[in-house]
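Student: Structure below; questions to follow.
The values are calculated or read from the model by the stated rules, or taken from the named source; none is laboratory data. Keep in mind that what you see is a predicted model, and the values were worked out from it rather than measured. Here the Cβ positions follow ideal geometry from the backbone for every residue, glycine too, while neighbour counts run over all protein chains shown. SASA here: full protein model, heavy atoms, side chains in, ligands and nucleic acids out. Shrake-Rupley method; radii C 1.70, N 1.55, O 1.52, S 1.80 Å.
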Amino acid sequence: KREKASDSETKRRRSVAKATCPFSGFENLMAMRDEVLVKVRDVEQLLQHGRETHTCPYYSTRMAIPAAQVVVLPYQSLLHASTRKASGIKLKDQIVIIDEAHNLTDTISAIHSTEISGAQ
C-alpha cells in the first residue's frame with residue numbers, strides 16, 4: 001500500500017480543462033433572444049448580429065421558440081418527432097404551412113426508413 005502524503009507533500013492535481021464558447025454568455029443569449037422576438041430577421045442577419053454582439057445565433061433563436069409567433073424551419077425538423085421535441089416545438093393548436101409540399105412524401109419516407117446492406 002502506498003503511504004499517504006503528508007500535508008507538506010500534497011500532490012498538485014491538474015484541473016479539468018473546460019472548453020467554453022466565446023459566444024455562450026447567458027446574458028448575451030437572453031438579449032439576442034429578445035431582439036429576435038422584436039424584429040423578423042433572416043439567417044444572414046442573425047449571423048451578422050451574432051458576430052457583432054459575440055452571441056450564438058443558434059442557441060439564442062432556440063431560446064426564442066416558445067415565445068415566437070412565427071417559426072420558420074425545414075419541414076424535416078418538423079416531421080421528425082425527436083428533433084421537434086428537442087427544439088421545443090409543440091404542434092397542438094398551431095397552424096403549419098408547408099412550402100415545397102411536392103417533396104413531402106419523399107422526405108417522410110427518408111425520415112422513417114433505413115437501408116440495410118447485404119453485409120449488415
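Student: Those residues that are in a helix (DSSP H, G or I), under 26 Å from Ser24 (Cβ atoms) and open to solvent by less than 50 Å² (accessible area, probe 1.4 Å), I need them from region 61-80; list them, please.
Tutor: Result: Thr61, Ala64, Ile65, Ser77.
Student: Can you run down the residue pairs with Cβ atoms below 7 Å, 6 or more apart or on separate chains, where the first is in region 88-99 and of a type outside the set (A, V, I, L, M) and the partner is open to solvent by 100 Å² or more (accessible area, probe 1.4 Å) and outside any loop (DSSP other than H, G, I, E, B)?
Tutor: Final answer for the pair search is Gly88/Pro66.
Student: While we're here: Among the numbered conditions (1) in contact with a Leu (Cβ under 6 Å, 6 or more places away or on another chain); (2) open to solvent by 60 Å² or more (accessible area, probe 1.4 Å), tell me where Val43 comes up short.
Tutor: Among (1) in contact with a Leu (Cβ under 6 Å, 6 or more places away or on another chain); (2) open to solvent by 60 Å² or more (accessible area, probe 1.4 Å), the lone unmet condition for Val43 is (1).
Student: Applying the selection to region 81-107, what residues are of a type in the set (A, V, I, L, M) and either open to solvent by 70 Å² or more (accessible area, probe 1.4 Å) or part of a loop (DSSP other than H, G, I, E, B) (or both)?
Tutor: Ile89, Leu91, Ile95, Val96, Ile97, Ile98
Student: Additional query: So, of the residues in region 7-29 that are surrounded by 14 or more Cβ atoms within 10 Å (Cβ to Cβ) and touching a helix residue (DSSP H, G or I) at 6+ places or on another chain (Cβ under 8 Å), which turns out to be modelled with the lowest pLDDT?
Tutor: So, considering only residues that are surrounded by 14 or more Cβ atoms within 10 Å (Cβ to Cβ) and touching a helix residue (DSSP H, G or I) at 6+ places or on another chain (Cβ under 8 Å), the one modelled with the lowest pLDDT is Phe23.
Student: Just to verify a result, which residue in region 65-120, among those that are of a type in the set (S, T, N, Q) and touching a Leu at 6+ places or on another chain (Cβ under 8 Å), is farthest from Arg41 (Cα to Cα)?
Tutor: Thr107
Student: Could I ask something else about it? Which residues, counting only those in region 47-60, are more than 18 Å from Ile89 (Cβ to Cβ) and either in a helix (DSSP H, G or I) or open to solvent by 90 Å² or more (accessible area, probe 1.4 Å) (or both)?
Tutor: Scanning region 47-60 gives Leu47, Gln48, His49, Gly50, Arg51, Glu52, Thr53, His54.
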